[in-house]
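The values are calculated or read from the model by the stated rules, or taken from the named source; none is laboratory data. Being a predicted model, the structure only gives us computed values, none of them experimental. All Cβ positions, even for glycine, are placed from backbone atoms using ideal geometry, and neighbour counts span all protein chains on display.
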Amino acid sequence: MNTSILDTGVKVVKNVGGFTVGRGSLMQLPTFVDARRAVSGKNARVVYLIDEFFRSQPETMRRLGNQADDIVRFVEVTDEPTTTGIDAITNEIRSQLTGLPATIVGFGGGTTMDTAKAVANLLTNGGNAADYQGWDLVKVPAVHKIAVPTISGTGSEATRTCVMTNTQTGLKLGMNSDFTVFDQMVLDPELTATVPRNQYFYTGMDAYIHCIEALAGSYRNAVGDAYSRETVNLCRQVFLADDMMGDESRERLMVASYLGGCAIATSYVGVVHPFSAGLSVVLGLHHCVANCIALNALGEFYPTEHREFRHMLDAQGVKLPTGVCAGLSDEQFAALVAATVVHVKPLTNALGANFRSVLTDERVTEIFRSM
Ligand code: NAD
Ligand code: ZN
């Protein structure tokens with residue numbers, strides 16, 4: 001049988017509708033929003049979901065160009081999104097609206113952008129967030145939505161999912177749907193200047209890790225590979241540079257985040273993300289720091305990238321949390337194993353269908369103990 005470099009499990013890919021990029025491009029946001037007001041009827045309001053960090057940034061808030069009767073709602077980011085948290089925000093917004101908003105602006109990191117995506121789906125589809133966790137369960141198009149990332153790395157601005165933890169079952173799964181993809185995007189690297197250094201590193205590494213995992217996997221195609229290779233290139237330029245947060249580094253990382261999101265839309269992650277998910281689900285660690293802790297312990301699977309990652313940590317003087325699994329009970333280790341090996345698709349992508357012959361319960365536990 002002929003095999004093609006375009007053969008992959010992913011057949012249809014939807015990209016963000018359009019974008020503006022560059023320093024100062026936040027200036028374009030009011031134009032994008034006003035275009036939506038113009039087609040949505042004179043009473044249509046705009047919903048701004050904003051990372052709570054910007055509560056204390058009046059200069060940035062003034063640049064949103066919102067009108068008096070728009071809804072400006074800060075999103076708490078102490079915890080990553082949960083299904084009940086999303087339902088609560090959706091109900092609150094619905095109760096303030098008559099009809100649908102002209103657009104929803106998601107202004108912040110992965111947590112805030114994912115919240116905006118989920119709320120936009122729920123406002124038109126009804127029901128609860130948990131009803132749509134899975135693949136292609138969203139029935140009708142969402143409310144129009146605009147992404148304004150203020151920290152780079154997750155690629156949420158580009159992907160067709162919005163990750164959330166199910167409060168009842170502990171399942172961490174997004175609404176994977178073409179309707180989840182943003183319609184418009186504003187990529188202004190000036191917005192990321194205020195991100196704390198460690199957080200900047202952890203979240204930025206999400207783009208790098210998505211792509212090294214994709215490139216090492218077996219579900220590959222030429223489009224995804226091209227996105228992944230350039231993402232990894234840009235991350236190297238950023239994290240091996242003297243200052244990962246200089247103006248040009250922040251520009252590069254913002255582009256890497258977007259391209260990394262496009263990459264992952266056409267491929268799968270590998271071993272790091274399942275271990276990271278275990279840490280998030282069982283120990284409540286945030287996604288991006290959990291990824292870094294996981295990659296740090298998974299050198300045997302990604303030896304070259306692991307070495308490079310250690311260089312990046314040194315070059316930027318970033319410290320990782322240590323001893324995160326110290327003193328855990330047998331039950332907790334069992335829960336970590338279960339929450340890791342459940343990720344069949346990425347583990348098959350990385351290690352083949354027989355991945356459990358490598359990742360036995362004992363081996364997975366040992367890896368967690370080494371963190
Ligand atoms: P985040 O949105 O949780 O934000 C991290 C921290 O950075 C917060 O304290 C926030 O207030 C702060 N912050 C953000 N912008 C700032 C700025 N400009 N200045 C100062 N502080 C700022 O972090 P994240 O790492 O971007 O997102 C993690 C979430 O993204 C997780 O829930 C994860 O599951 C999700 N995720 C989603 C996708 C997707 O495709 N949808 C992909 C990967 C990860
Ligand atoms: Zn990730």
| remark: In the range 44-60, anything at pLDDT 95 or above and either crowded, with 16+ Cβ neighbours inside 10 Å or under 23 Å from the mean Cα position of the chain (by Cα) (or both) is listed as ARG45, VAL46, VAL47, TYR48, LEU49, ILE50, ASP51, GLU52, PHE53, PHE54, ARG55, THR60
| query | Which one of the conditions (1) more than 22 Å from the chain's Cα centre (by Cα); (2) buried (at least 18 other Cβ atoms within 10 Å of the Cβ); (3) not charged (D, E, K, R); (4) not in a loop (DSSP other than H, G, I, E, B) does THR124 fail to meet, given that it meets all the rest? | reply | (2)
| query | What number of residues in the range 246-284 are assigned to a loop (DSSP other than H, G, I, E, B) and either within 11 Å of ligand 1 (Cβ to nearest atom) or in contact with a strand residue (DSSP E or B) (Cβ under 8 Å, 6 or more places away or on another chain) (or both)? | reply | 2
| request: Within the range 335-342, identify whether any single residue is part of a loop (DSSP other than H, G, I, E, B) and either within 14 Å of ligand 1 (Cβ to nearest atom) or of a type in the set (Asp, Glu) (or both), and answer yes or no. | output: no
| query | Going by the conditions given, is ALA38 part of a loop (DSSP other than H, G, I, E, B) and more than 30 Å from ALA207 (Cα to Cα)? | reply | no
| query | Among CYS325, CYS292, which is at pLDDT 95 or above, under 23 Å from SER156 (Cα atoms) and buried (at least 20 other Cβ atoms within 10 Å of the Cβ)? | reply | CYS292
| task | Tell me, yes or no, whether the range 219-239 has at least one residue that is among the small types (Gly, Ala, Ser), away from ligand 1 (no atom under 13 Å from the Cβ) and outside any helix (DSSP H, G or I). | result | no
| Selected residue (only one of ASP114, ASP131 is within 15 Å of VAL181 (Cα to Cα) and charged (D, E, K, R)) | ASP114
| task | Would you point out which residue out of ASP70, ASP79 is of a type in the set (Asp, Glu), in contact with a strand residue (DSSP E or B) (Cβ under 8 Å, 6 or more places away or on another chain) and more than 16 Å from ligand 2 (Cβ to nearest atom)? | result | ASP70
| request: Being closer than 26 Å to LYS319 by Cβ and away from ligand 1 (no atom under 11 Å from the Cβ) is the filter here, so list the residues in the range 202-218 that pass it. | output: TYR208, CYS211, ILE212, GLU213
| said: If I go through the range 343-357 residue by residue, how many of them are under 17 Å from LEU295 (Cα atoms) and in a helix (DSSP H, G or I)? | reply: 5
| Looking at (1) under 20 Å from the mean Cα position of the chain (by Cα); (2) buried (at least 17 other Cβ atoms within 10 Å of the Cβ), which is the only condition ASP79 fails? | (2)
| note | If we keep only residues of the range 295-319 that are more than 22 Å from ALA350 (Cβ to Cβ) and surrounded by 14 or more Cβ atoms within 10 Å (Cβ to Cβ), then the residue farthest from the chain's Cα centre (by Cα) is ALA315
| Of VAL195, VAL119, which residue is within 16 Å of GLY108 (Cα to Cα) and without any contact (Cβ under 8 Å) to a residue 60 or more places away in the chain? | VAL195
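For (1) at pLDDT 95 or above; (2) farther than 23 Å from ARG63 by Cβ; (3) over 13 Å from the mean Cα position of the chain (by Cα), each residue gets a yes or a no:
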site: VAL140; (1), (2), (3): yes, yes, yes
site: HIS144; (1), (2), (3): yes, no, yes
site: PRO149; (1), (2), (3): yes, no, no
site: THR165; (1), (2), (3): no, yes, yes
site: LEU171; (1), (2), (3): no, yes, yes
site: ASN176; (1), (2), (3): no, yes, no
site: PHE179; (1), (2), (3): yes, yes, yes
site: VAL186; (1), (2), (3): yes, no, yes
| Given the conditions (1) small (Gly, Ala, Ser); (2) at positive phi; (3) more than 16 Å from ligand 2 (Cβ to nearest atom), and given that GLY155 satisfies all but one, which numbered condition is not satisfied? | (3)
| note | Considering residues that are assigned to a loop (DSSP other than H, G, I, E, B), within 16 Å of ligand 2 (Cβ to nearest atom) and touching an Asp or Glu at 6+ places or on another chain (Cβ under 9 Å), the number found within the range 160-183 is 6
| request: Within the range 215-235, identify whether any single residue is touching a Lys or Arg at 6+ places or on another chain (Cβ under 6 Å) and not assigned by TED's automatic domain parsing to the domain that holds SER25, and answer yes or no. | output: yes
